[in-house]
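Student: Right, I'll just put the structure down here and ask away after.
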Amino acid sequence: MSSYTELSAKEIQRAIHDEEAFVVLFRHYTDRVFRFLWMRTRNTELAEDLTQETFIIVMKKLHTFTYTGAPFSSWLLQVALNVARAHFRKKGNTPTHSLDSALQLSAPNELVAEWIDLYAALDKLPEEERELLTLKYLDDVPVSEIAYILNISPNTCSVRIHRALSHLHTSV
Amino acid sequence: MKPIEQRFEQLRTALDALNTDARRTRMEQGIRSAWIHTHTSPMYTFRQRIMRTLPYASLSVAIVCLAVFTAQQTKESAIDAEPATLSIHADTSSEKLEQKQKVADYSFSDTELSQKTYGSRINLLDDISIAPPISFREDETYTYGNNQQLFDESVALGIETRENILSTTQHIRDAITEAEGTLIRIYGSKHSATLQAILDPHRLSTIEQLLAELDMGRTVTTHTYSIENVSSEVAIIDEDIASAQSRIDTYTAKLNGNISDTERKRIETYITSAQKQIEQYTQAREDIIKAHSQIRLAVYITHYQPFWALNYQQYDRETYTGAALYEVTRALRTVTYSTGPLLTIIVWIAVYTAMLTPFFILVRFIARKIIRYIRRKKDTLTQ
């Protein structure tokens with residue numbers, strides 16, 4: 001179950017024309033977007049740039065968002081995912097190596113070692129499974145939203161997450 | 001070893017710590033400056049406004065234009081609804097005198113044409129073309145001379161045009177003259193005209209081509225078409241000629257015999273009379289052949305009248321569609337006559353709004369679906 005709250009449709013609607021309302025939206029979702037992009041870039045500076053780029057795109061395209069039942073964050077993370085993919089397609093960069101990126105975090109050595117293992121195991125998985133586990137456990141996105149972001153059915157999504165988790169257990 | 005979920009949880013917490021307040025503030029400043037740049041750009045705001053208002057503005061303008069145009073058309077048709085004042089009679093034209101009078105007794109069926117068969121309009125011509133029973137008499141002669149045949153042909157064609165009736169008629173007259181045909185009669189009004197002529201059957205296709213060009217739908221409606229074998233008319237005359245010739249031969253043989261002067265004179269009178277008869281028969285035979293070697297043509301020209309012309313008499317109340325159009329048109333005509341032009345325009349605006357708004361909503365709905373689908377596809381391709 002996700003611990004994050006969503007802004008109301010009215011607040012989102014107001015953010016189309018009101019700068020302060022948009023800043024409220026930005027503050028509300030920035031951590032999620034930043035973490036989401038960090039996990040894909042494994043580079044703090046690049047994640048910051050892409051987070052900013054994501055919100056600028058959202059600023060321009062917010063009027064096209066129509067509430068269809070899925071939370072706003074699904075749409076937002078979908079934009080962020082497209083921004084990250086577009087970046088890697090344009091620049092041709094690959095995410096920073098798992099070991100380096102893990103070391104960027106200021107944490108006890110014991111934890112860092114575990115995370116290095118986790119990264120290594122994640123990197124061994126196919127891209128689709130890595131994406132699913134990242135969304136589920138690191139981005140803390142509910143299954144229904146993951147299904148929306150990846151354009152698959154919720155049932156399929158659950159089955160694939162379960163399968164990916166089994167593969168990760170094996171790897172670790 | 002900690003469970004994987006727990007490791008993920010710890011990593012997530014650590015990642016959240018990465019996004020420091022300083023970083024947030026820096027990003028927020030970037031967002032604010034981007035907001036100012038984006039929302040104060042005249043092109044952006046203009047485009048935004050245009051994109052939002054254009055569909056509604058277009059619809060409103062279209063409805064008002066349609067309403068004004070229709071009101072204007074309705075007004076004109078109300079004037080047109082007065083008794084016809086225009087009448088064309090070829091009998092009085094000078095051109096008629098220039099044309100050679102070939103056959104005097106050509107007569108057309110007394111058909112009153114009004115409309116081409118569009119929708120459920122009344123078409124009197126549909127009722128007159130009753131097919132004769134398929135039968136023939138065994139004693140009837142269908143050939144003459146050396147197995148030759150003679151036919152009596154007639155055709156009635158119809159066109160509907162947006163052009164002026166008078167100019168359309170003039171075009172057809174010129175074409176008939178060019179095809180060496182003979183114009184018999186033209187009569188009509190502002191909304192319709194009938195043209196009757198005779199011409200060589202081989203030149204009919206030329207006239208048909210012209211009619212197709214003049215018709216608003218580039219098609220010619222064939223209302224009636226008949227071909228009848230009239231060889232017997234010539235065959236009877238041939239028999240009469242043969243009979244007269246036979247009598248001449250008999251009398252000529254008698255003249256060679258031993259007969260009195262009185263008898264000779266009587267026989268010579270008979271022979272002269274029979275020879276005159278043969279001459280008359282031969283002349284009549286030639287006239288008949290000549291007359292039937294041409295086709296009789298009737299062209300019905302109708303001026304197109306749209307729905308808003310409010311000529312409700314044109315609809316056939318026997319059919320459901322015709323009855324509905326009749327009532328609606330009649331009601332609108334009543335409104336037109338009983339109210340002023342402004343109210344008429346308002347009524348038409350209301351009518352068009354009721355007609356076009358559901359269509360507009362549907363188009364907008366479909367357009368949004370398509371745009372969303374294209375975006376999805378684009379995103380999928382990007383991924």
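The values are calculated or read from the model by the stated rules, or taken from the named source; none is laboratory data. Only a predicted model underlies this, so the values are computations on that prediction, with no experimental measurement involved. Here the Cβ is made from the backbone with ideal geometry for all residues, glycine too, and neighbour counts use every protein chain on show. SASA here: full protein model, heavy atoms, side chains in, ligands and nucleic acids out. Shrake-Rupley method; radii C 1.70, N 1.55, O 1.52, S 1.80 Å.
Student: Just to verify a result, which residue in region A:34-51, among those that are within 15 Å of B:A34 (Cβ to Cβ) and at the interface with another protein chain (Cβ under 10 Å from one of its Cβ atoms), is nearest to the chain's Cα centre (by Cα)?
Tutor: Taking the candidates together, the pick is A:T51.
Student: From B:D240, B:D261, grab the single residue that is more than 21 Å from B:L195 (Cβ to Cβ) and out of contact with any helix residue (DSSP H, G or I) (no Cβ under 6 Å at 6 or more places or on another chain).
Tutor: Going through B:D240, B:D261 in turn, the sole match is B:D261.
Student: Name the residues in region B:224-258 that are surrounded by 13 or more Cβ atoms within 10 Å (Cβ to Cβ) and outside any helix (DSSP H, G or I), would you?
Tutor: B:T224, B:S226, B:N229, B:V230
Student: Here is a follow-up. State which residue is modelled with the highest pLDDT when the search covers only region A:81-98 and only residues that are surrounded by 14 or more Cβ atoms within 10 Å (Cβ to Cβ) and more than 12 Å from chain B (Cβ to nearest Cβ).
Tutor: Ranking the qualifying residues of region A:81-98, first place goes to A:P95.
Student: While we're here: What number of residues within region A:27-43 are open to solvent by 10 Å² or more (accessible area, probe 1.4 Å) and without any contact (Cβ under 8 Å) to a residue 24 or more places away in the chain?
Tutor: 3
Student: What number of residues within region A:44-68 are open to solvent by less than 50 Å² (accessible area, probe 1.4 Å) and not in a helix (DSSP H, G or I)?
Tutor: Count: 1.
Student: Six or more apart or on different chains, Cβ atoms under 9 Å: show the pairs whose first residue is in region B:362-373 and exposed (fewer than 12 other Cβ atoms within 10 Å of the Cβ) and whose second is of a type in the set (S, T, Y).
Tutor: Taking only residues 6 or more apart or on different chains, the pairs are B:I371/A:T64.
Student: Related question: Could you please find all residues in region B:188-222 being part of a strand (DSSP E or B) and modelled with pLDDT of 90 or more?
Tutor: B:A193, B:T194, B:L195, B:Q196, B:A197, B:I198, B:L199
Residue-by-condition table, conditions (1) more than 9 Å from chain B (Cβ to nearest Cβ); (2) modelled with pLDDT of 90 or more:
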residue	(1), (2)
A:E19	no, no
A:F26	no, yes
A:D31	no, no
A:I57	yes, yes
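Student: Right, another one. Could you please find all residues in region A:133-172 being within 12 Å of chain B (Cβ to nearest Cβ), among the charged types (D, E, K, R) and open to solvent by 70 Å² or more (accessible area, probe 1.4 Å)?
Tutor: Answer for region A:133-172, where residues must be within 12 Å of chain B (Cβ to nearest Cβ), among the charged types (D, E, K, R) and open to solvent by 70 Å² or more (accessible area, probe 1.4 Å): there is none.
Student: Still on this structure, please answer the following. When you scan region B:1-83 for helices (runs of 4 or more DSSP H) that lie fully inside it, which ones turn up with 3 or more residues that are more than 11 Å from chain A (Cβ to nearest Cβ) and either at pLDDT below 80 or open to solvent by less than 50 Å² (accessible area, probe 1.4 Å) (or both)?
Tutor: In region B:1-83, the matching helices (runs of 4 or more DSSP H) lie at B:42-80.
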